[in-house]
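The values are calculated or read from the model by the stated rules, or taken from the named source; none is laboratory data. Everything numeric in this text was worked out from a predicted model, so none of it was measured. Cβ: placed from backbone, ideal geometry, glycine included. Neighbour counts: every protein chain shown.
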Amino acid sequence: MARALRVRVDHTRCVGNATCTTIAPGVFKLNDDRQSEAINSVGEPEEIILKAAENCPVSAIRVEDAATGERLF
Amino acid sequence: MATTIHDDLFAPDVIADPYGYFGRLRAEDPVHWNAKYEVWVLTRYDDIVWLIRHPELFSSEVFKRDPRPPYPPIPEADVEMYGFVREFFADFFIQHDRPSHTEMRMVTHSYFTPRAMEAWRPMVRAAIKDLLDDAEAKGQMDVMQDFATPLPVLVIARMLGLPEQDRRFIRELAQKLLFIGRGDLNRMRPLTDGIKGLADYLSPLIKERLAHPGDDLLSVLASGETRGAFSRDEVVANAVLLLLAGHETTINLICNGTLALIRHPEQWALLQASSGLAVSATEECLRYDPPVKSLQRIAAEDVELRGNVLRKLDRARWFIPSANRDPAKFPEPDRFDITRDPNPHVAFGSGIHHCLGATLARVEGQEAFSALVDRFPALHLTTEELEYQPSITFRSLKALPVTWN
């Protein structure tokens, strides 16, 4: 079974580029301010979530192993 | 609210000091109808961020959708050339809305990730060292011609995999395309020549990359044709866009930032004393005197904003220098403070069209400013007579002569 992840978007950095909602629509949604929120950390496979984090143009996405706290991105 | 502020966006006083002019608009008439050019002028930070984060209300397909002639007006005889220019620019991915914008942007988006751009830092640093070695030998330089221009041209040409010896030729043609944001009556001729020259230069290289893909940016772009995101014409147009956007904006960042640092000696000294401030110093340069002055959208439907109704197909132009100095967003906005934090400037825009090359520009700025304060502690202007290009798109110095003796 896939490990549980903790996915967070830093709203002091997020510019609403919406790359994450394009790559991982099952995890990220834009809110009313058009900034991204991680609404479901199991909405996509881990590799897709990491791909979304890597492609964030302002490095606003942080991904951790929920059990160990290890930073994955 | 009625305003007595004149509407000539190309007037010498507006070109010399956009902060005064747009600051007044921001305070007195933040959603201003500019009757002279028939365009809404937006100047408040919150309004601008709201506008650019609502691409379904404000389309980026300006060249495709705008039914009006260009402003300022052009001679009747040049209308045909404008048709050509307009059609070419309409192929830029930044002139597209969703869904085609997403499809086109994703072709090159992964090339420009923060991690990928970090890998270019040593190359940028080495190029800076070479340029400043040459300058040091001469004892003086024009920051524009001798440093700010060759650096990003070299970097983007290398990314695209273009031969080193073509750089001067590329820069000469690219300069013709900068007429797009200017008021010159006869600007359609250089624009047309610049487009044709660059398209003729790039087309055979693109063809070659399609047959034998490499790992350069031009190959990545050309792969968009293979996967159906681009037509051939769109590959060519977007190669021109990357070349142009990949250097003109960074030239302005380096020149405007260097000037701001020179004019604030205590900030210069602070950066010199703590190289760890290169990141926040670059952000403050981007905020304080941004490389791009304004961009335009076109209303996709009737939209109400601050009691005004922007009608469908109305033009809306948003001014970055004014947003970045909005006192409602930035404490002491006219103060240049390289330790400013937070610094949510909109020099790179925001939303789905946030600048594709932002991280590259940041890397180039950080390395350039660090190297300048490190190598030339006594850098100063050799003239106070500085002039800017008469553009409403770019905030471009014509020259920045300095010495350090």
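Within 14 Å of chain A (Cβ to nearest Cβ), surrounded by fewer than 20 Cβ atoms within 10 Å (Cβ to Cβ), out of contact with any strand residue (DSSP E or B) (no Cβ under 8 Å at 6 or more places or on another chain) and touching a residue at least 24 places away in the same chain (Cβ under 8 Å) - does that describe any residue in the stretch B:28-49?
yes
Checking the structure you have, find out if any residue of the stretch B:236-246 is touching a Pro at 6+ places or on another chain (Cβ under 9 Å), within 16 Å of B:Cys355 (Cα to Cα) and not acidic (Asp, Glu).
yes
With respect to the numbered conditions (1) facing chain B (nearest Cβ under 10 Å); (2) without any contact (Cβ under 8 Å) to a residue 24 or more places away in the chain, which one is the sole condition not fulfilled by A:Gly43?
For A:Gly43, the exception is condition (1).
Considering only the stretch A:25-40, how many residues are out of contact with any strand residue (DSSP E or B) (no Cβ under 8 Å at 6 or more places or on another chain), within 13 Å of chain B (Cβ to nearest Cβ) and closer than 25 Å to A:Ala2 by Cα?
1
Looking at (1) farther than 14 Å from B:Tyr111 by Cβ; (2) modelled with pLDDT of 95 or more, which one does B:Leu218 not meet, given that it meets all the others?
(1)
Could you count how many residues in the stretch A:52-63 are surrounded by fewer than 19 Cβ atoms within 10 Å (Cβ to Cβ) and more than 8 Å from chain B (Cβ to nearest Cβ)?
So the count comes out to 1.
If I filter the stretch B:94-112 for residues that are basic (Lys, Arg) and either touching a Gly at 6+ places or on another chain (Cβ under 7 Å) or closer than 27 Å to B:Val62 by Cα (or both), do I get at least one hit?
Within the stretch B:94-112, one or more residues are basic (Lys, Arg) and either touching a Gly at 6+ places or on another chain (Cβ under 7 Å) or closer than 27 Å to B:Val62 by Cα (or both).
Out of the helices (runs of 4 or more DSSP H) lying entirely within the stretch B:236-349, which hold 3 or more residues that are closer than 27 Å to B:Phe10 by Cβ and in contact (Cβ under 8 Å) with a residue 40 or more places away in the chain?
Fully inside the stretch B:236-349 and qualifying: B:278-288, B:320-323.
Hey, among B:Leu381, B:Leu286, which residue is in contact with a Leu (Cβ under 8 Å, 6 or more places away or on another chain) and within 14 Å of chain A (Cβ to nearest Cβ)?
Selected residue: B:Leu286, the only one of B:Leu381, B:Leu286 that is in contact with a Leu (Cβ under 8 Å, 6 or more places away or on another chain) and within 14 Å of chain A (Cβ to nearest Cβ).
Counting only residues that are β-branched (Val, Ile, Thr) and over 14 Å from the mean Cα position of the chain (by Cα), which one in the stretch B:384-405 is surrounded by the most Cβ atoms within 10 Å (Cβ to Cβ)?
Ranking the candidates gives B:Val402 first.
So which of B:Leu132, B:Leu178 is of a type outside the set (Asp, Glu), touching a Lys or Arg at 6+ places or on another chain (Cβ under 8 Å) and more than 14 Å from every other protein chain (Cβ to nearest Cβ)?
Matching residue, one of B:Leu132, B:Leu178: B:Leu132.
Do you know which residues across the stretch B:75-119 are surrounded by fewer than 19 Cβ atoms within 10 Å (Cβ to Cβ), more than 14 Å from chain A (Cβ to nearest Cβ) and part of a loop (DSSP other than H, G, I, E, B)?
B:Pro75, B:Ala90
Consider B:Pro67 carefully, then state whether it is farther than 26 Å from A:Ser59 by Cα, away from chain A (no Cβ under 14 Å), more than 21 Å from the chain's Cα centre (by Cα) and not in a strand (DSSP E or B).
The answer is yes for B:Pro67.
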